[in-house]
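Chemist: One structure, pasted below without further comment.
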Amino acid sequence: MDKSAFNELIGLKLSVATSKLKESGIPESYVGFLEKVGEDYIILDYAKASTNRANTISKVILLLSTVVGVWVYE
């Protein structure tokens, strides 16, 4: 995915589907607040979006080449 697609989404809550598949065949996806857009990657603040307080994952870094879809939350 082209990084320009993310330019106006900084700070918004996103659900990002990747080309990597789970064992079930469903695309792997992540929910988080878009923190940064790099040349070939994005950083999601996973902890801020999580409702599970036992979650120990803070950030998720995804290569733009693996992103196949994005949903923006209101």
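Chemist: Just to confirm the filter: which trypsin sites (Lys or Arg not before Pro) across the chain are DSSP coil and have at most 15 other Cβ within 10 angstrom of their Cβ?
Modeler: Values: sites: LYS3, LYS13, LYS20, LYS22, LYS36, LYS48, ARG53, LYS59; in loops: LYS22, ARG53.
Sparse-neighbourhood loop trypsin sites (Lys or Arg not before Pro): LYS22, ARG53.
Chemist: Return a whole-number percent for the relative contact order of the chain, with Cα pairs under 8 Å and 6 or more residues apart as the contact set.
Modeler: Numbers: 146 pairs, mean separation 26.6, N = 74.
Reported relative contact order: 36 percent.
Chemist: Shifting gears a bit: State, to one decimal in nm², a quarter of the convex hull surface area for the C-alpha atoms of the chain, i.e. the direction-averaged projected area. Can you show the working numbers first?
Modeler: On the way: hull surface 20.2 nm².
That works out to 5.1 nm².
Chemist: In addition: Take the Cβ-Cβ distance between ASN55 and SER19 as r, set R0 to 22 Å, and report the resulting FRET efficiency rounded to the nearest 0.05.
Modeler: On the way: r = 24 Å, r/R0 = 1.10.
Taking R0 as 22 Å, the efficiency between ASN55 and SER19 is 0.35.
Chemist: Could you tell me which GluC sites (Glu not before Pro) in region 6-69 are loop residues by DSSP with no more than 11 other beta carbons within 10 angstrom of their beta carbon? Could the numbers behind the result be given before it?
Modeler: Details: sites: GLU8, GLU23, GLU28, GLU35, GLU39; in loops: GLU8, GLU23, GLU39.
Sparse-neighbourhood loop GluC sites (Glu not before Pro): GLU8, GLU23, GLU39.
Chemist: LYS36: which lysines have alpha carbons under 17 Å from its alpha carbon, excluding same-chain residues fewer than 8 sequence positions away?
Modeler: LYS3, LYS13, LYS48, LYS59
Read-outs throughout are calculated quantities, based only on the coordinates presented, and are distinct from any laboratory measurement. Keep in mind that what you see is a predicted model, and the values were worked out from it rather than measured. For neighbour counting, all protein chains shown are included, and Cβ atoms are generated from backbone atoms with ideal geometry for every residue, glycine included.
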